[in-house]
Amino acid sequence: MTLNTIIESLLRKRSKKIVKVLALGGGGARGLAHIGVIKVLEENGWYPDLVTGTSMGSIVGALYALHGNAKDLEIKAYEYMQSDWFKRLDIKNVVKTNGDDYNIDLFDTYIKYMVHKWLDKKEKHPLSLLPANYLLDVMVKIFSDATFADLKIPFIAMVSDLYSGGNIELDSGSLSVAVTASSSIPGIFSPVEFNNMLLVDGCVTRNIPIPDSEENKRREIIAVDVDPSLEMKNKYALTCPFDVILRVNAVTRIQLNRFYLKQANILISPDVQSIQWSDFNNIEKLIKAGELATVHHFSNGSAVENKKPIKVRIPRQVGINHA
């Protein structure tokens, strides 16, 4: 089923006038800020009828949908991020980034790394730098044999099909396979072959998994964007023709994201630009950034398209609950 078809189904089954959708965008480790957003929303009585996720947003979204509440989501996130088998990804060391360029684009960094590796003739695999099932093995550790049928909250993983060039919405079958496909950075992680499609990271076609507003207006969408800013902070980063090509590609993706973000009723953008996308060791700071952004947004009475903002109770101290 398509995203809008699922919304229509929820409207019929639950006899609701509006379906609440939580759309979690991709962005590497910065996507851990989604957890903080979810915590504050729940503390103030906002619960989604449907969760959608792209890339890291699909990992967090699937975990949330599987466990059904923010508390268990946070506990599991800490457990997984600090485990030895998650550290085998070793992303921070796989790709050496400039420590001063915090808004560097995830794909651009990986592409540069990939080119150097291929030129050096190291770690070659048919369709990716890393071996097949490298990412899937980690996702199986997280989700085991869980399927979409086991979810407590309906969830959709956004992926991209290299064959058709289309945006694909996965809502059935293995969670591990779906989340792996949604997070498979092209050229780095092996594409996922599924139903005559070759699936890669959903951010190729839609990094913000928002349904088309013109097709269905009976929904309230809260979108969480953790993408880099459009403006380059390091204007000396363009040193060769290859850098220019990558920059053009990044601008195209970010502008596409802006188009979809306009279709959200409420947009929350955690301040995570000071944290590198590969820094999974900063989970506490990232979660807190999500909390603060959500509290700040609604305490200021912010709203989109004349919608009334959620009445958020501002906690005395926004912090991290490890329990």
Next item on the list: Note down the nm distance, to one decimal, between modelled labels 7 Å out along Cα→Cβ at residue 8 and at residue 240.
Entry: 5.1
Next item on the list: Please report, to two decimal places, log10 I(q)/I(0) for the stretch 154-273 at q = 0.11, 0.18 Å⁻¹ as given by the Debye formula with identical point scatterers on the Cα atoms and no solvent.
Entry: -0.45, -1.08
Check: So what J values fall out for the stretch 29-36 if you push phi through Karplus, 6.51 cos²θ - 1.76 cosθ + 1.60 with θ = phi - 60°, rounded to Hz, Gly and Pro as x?
Finding: 4, 4, x, 5, 5, 4, 4, x
Note to self: What does the net charge come to around residue 293 if you take all other residues with beta carbon closer than 11 Å to its beta carbon, with K and R at +1 and D and E at -1?
What the structure shows: -2
Item checked: Relative contact order for the stretch 132-276, counting Cα pairs under 8 Å that sit 6 or more residues apart, in percent -> 21
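If Lys and Arg each add +1 and Asp and Glu each add -1, what is the summed charge of the other residues whose beta carbon sits under 12 Å from the beta carbon of residue 259? Please report the intermediate quantities before stating the final value.
Numbers: positive: 206, 253, 258, 262; negative: 212.
Value of the local net charge: +3.
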Check: Taking 0.36 nm per intervening residue step and subtracting the Cα-Cα distance, what contour gain separates residue 195 from residue 42 on full extension?
Finding: 51.4 nm
Item checked: Length released on extending from residue 247 to residue 271, taking residue separation times 0.36 nm less the Cα-Cα span -> 6.4 nm
Check: What are the residues whose amide H is under 5 Å from the amide H of residue 155, where those residues sit 5 or more places off or on another chain and H is modelled from the backbone?
Finding: 51
Note to self: Using only the heavy atoms of the protein chains and a 1.4 Å probe, how would 12, 206, 218, 247 rank by accessible area, largest first?
What the structure shows: 12, 218, 247, 206
Check: Hey, with R₀ at 22 Å, roughly what FRET efficiency would residue 133 and residue 86 work out to, going by the Cβ-Cβ distance, to 0.05?
Finding: 0.90
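The values are calculated or read from the model by the stated rules, or taken from the named source; none is laboratory data. Computed from a prediction, not measured in an experiment: that's the story for all the values here. No Cβ is skipped: glycine too gets one built from the backbone with ideal geometry, and neighbour counts run over all protein chains shown. Accessible surface is based on the protein model in full, side chains and every heavy atom, while ligands, DNA and RNA are left aside. Shrake-Rupley method; radii C 1.70, N 1.55, O 1.52, S 1.80 Å.
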